[in-house]
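Notes follow once the structure below has been shown.
The values are calculated or read from the model by the stated rules, or taken from the named source; none is laboratory data. This is a predicted model, so every value here is computed, not measured. Heads up, the Cβs are rebuilt from the backbone with ideal geometry, glycines too, and the neighbour counts pull from every protein chain shown.
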Amino acid sequence: MASVSVRQEYSQSAESVWAVVGDPAGAANWIPSLDTSRLDGEVRHVVFTDGNPARERIVSHDDDDSRTYTYEYIDGPLPLAKYTSTIRVDATANGSVVSWDAEFTAAGDDPAAVESQLETGIGEIYQGALDEVARVAAP
């Protein structure tokens with residue numbers, strides 16, 4: 001099993017940042033690698049900018065107490081046997097911090113070889129998205 005953890009601090013309030021990242025249907029608004037995103041019940045449908053679609057199941061979502069949600073990869077272009085990710089927004093003395101963590105197992109005959117590449121790629125997607133949050137979250 002492999003993992004990715006990315007954290008970023010913001011001057012914006014936790015409420016302002018959660019308004020951006022806390023809407024599973026609006027993921028394409030702040031994740032540059034996504035062209036579109038929509039929610040159908042508990043399933044999020046996304047299309048990457050290269051045209052590849054993917055589906056993710058929203059496992060839990062808490063707007064009130066913890067400002068967090070967890071999702072699982074159902075299917076799409078990435079060679080994943082299992083993937084679970086959680087994004088969380090916490091208030092800080094100077095604004096907020098986002099924590100985005102994933103654990104996953106690659107599919108295929110040699111998962112360990114693929115997992116290293118996936119760690120890099122997923123980490124870059126997460127970091128690019130968190131950089132974008134600073135631009136789109138209200139001041």
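Annotations
- Spans of strands (runs of 3 or more DSSP E) in the range 28-127 with at least 1 residues at pLDDT below 95 and over 17 Å from residue 5 (Cβ atoms): none
- Of all residues in the range 9-27, those satisfying the criterion of being out of contact with any helix residue (DSSP H, G or I) (no Cβ under 9 Å at 6 or more places or on another chain) and assigned to a loop (DSSP other than H, G, I, E, B) are 13, 22.
- A search for C-beta distances below 8 Å between a residue of the range 54-70 that is on the phi < 0 side of the Ramachandran plot and any residue that is surrounded by 14 or more Cβ atoms within 10 Å (Cβ to Cβ) and basic (Lys, Arg), counting only pairs 6+ apart in sequence or on different chains, returns 55/44; 56/44; 57/44; 58/44; 66/88; 68/88.
- Among (1) in a loop (DSSP other than H, G, I, E, B); (2) within 17 Å of residue 123 (Cβ to Cβ), the one test that residue 5 misses: (1)
- In the range 1-32, the residue that is farthest from the chain's Cα centre (by Cα) out of those that are among the polar types (S, T, N, Q) and surrounded by fewer than 17 Cβ atoms within 10 Å (Cβ to Cβ) is 11.
- Residue within the range 8-26 that is out of contact with any Phe, Trp or Tyr (no Cβ under 6 Å at 6 or more places or on another chain), within 26 Å of residue 119 (Cβ to Cβ) and among the hydroxyl-bearing types (Ser, Thr, Tyr) present: yes
- Single residue of the range 106-131 satisfying the filter (in contact with a Pro (Cβ under 7 Å, 6 or more places away or on another chain) and surrounded by fewer than 16 Cβ atoms within 10 Å (Cβ to Cβ)) that is nearest to residue 65 (Cα to Cα): 128
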